[in-house]
Amino acid sequence: MRGRSTAALYDPKPMSDREPDDLPLSTGPSALPSRAARVLAFVAIIVAGVCGGLIGCAIVNVQCHGACTTPKGVGSLTGALIAAGGVAVVAVLVLRAMGEWRRIQEEQQRQQEGESP
């Protein structure tokens, strides 16, 4: 490719100048979980982070005496990150499983409709 111009490989027309009919839109079913499921997963991650922060602060509070502002902050942050991270992993796995389950149900429904007269 040395010496060849790569300008011909790219479409010079910017996306903002294209007509709406030129945009590649998907018309098939989406693999995304429902909006409600995504919102619930987000809320669960936030709640877990808050609870983890409270637990981390409580653990440091039991062990520390005197000026404990920095250790409480570190304990809260660590607890919040660990709890939110763990719940986030579980939420992603659940959302993927829901998508897979929905896809399997749609395939079975299509097969039943194809077999029925």
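The values are calculated or read from the model by the stated rules, or taken from the named source; none is laboratory data. What you are looking at is a predicted structure, and each value in this text was computed from that prediction instead of being measured. Because the Cβ atoms are built from the backbone with ideal geometry, glycine has one as well, and the counts that use them run over all protein chains shown.
Just checking, does the stretch 63-76 include any residue being small (Gly, Ala, Ser), under 18 Å from LEU32 (Cα atoms) and surrounded by 14 or more Cβ atoms within 10 Å (Cβ to Cβ)? For the stretch 63-76, residues small (Gly, Ala, Ser), under 18 Å from LEU32 (Cα atoms) and surrounded by 14 or more Cβ atoms within 10 Å (Cβ to Cβ): absent. Select, from ALA67, ALA80, ALA8, the only residue that is modelled with pLDDT of 75 or more and in a helix (DSSP H, G or I). Testing whether each residue is modelled with pLDDT of 75 or more and in a helix (DSSP H, G or I) leaves just ALA80. Listed by first and then second residue, the pairs with beta-carbon distance under 7 Å, at least 6 apart or on different chains, first residue in the stretch 90-117 and within 17 Å of ARG35 (Cβ to Cβ), second among the small types (Gly, Ala, Ser) and modelled with pLDDT under 90, are GLY99/ALA31.
Check whether at least one residue in the stretch 86-105 is of a type in the set (S, T, N, Q), loosely packed, with under 11 Cβ neighbours inside 10 Å and assigned to a helix (DSSP H, G or I), and report yes or no. The answer is yes, given that some residue of the stretch 86-105 is of a type in the set (S, T, N, Q), loosely packed, with under 11 Cβ neighbours inside 10 Å and assigned to a helix (DSSP H, G or I). The combined condition, being surrounded by 16 or more Cβ atoms within 10 Å (Cβ to Cβ) and out of contact with any His (no Cβ under 6 Å at 6 or more places or on another chain), is not fulfilled by ILE46.
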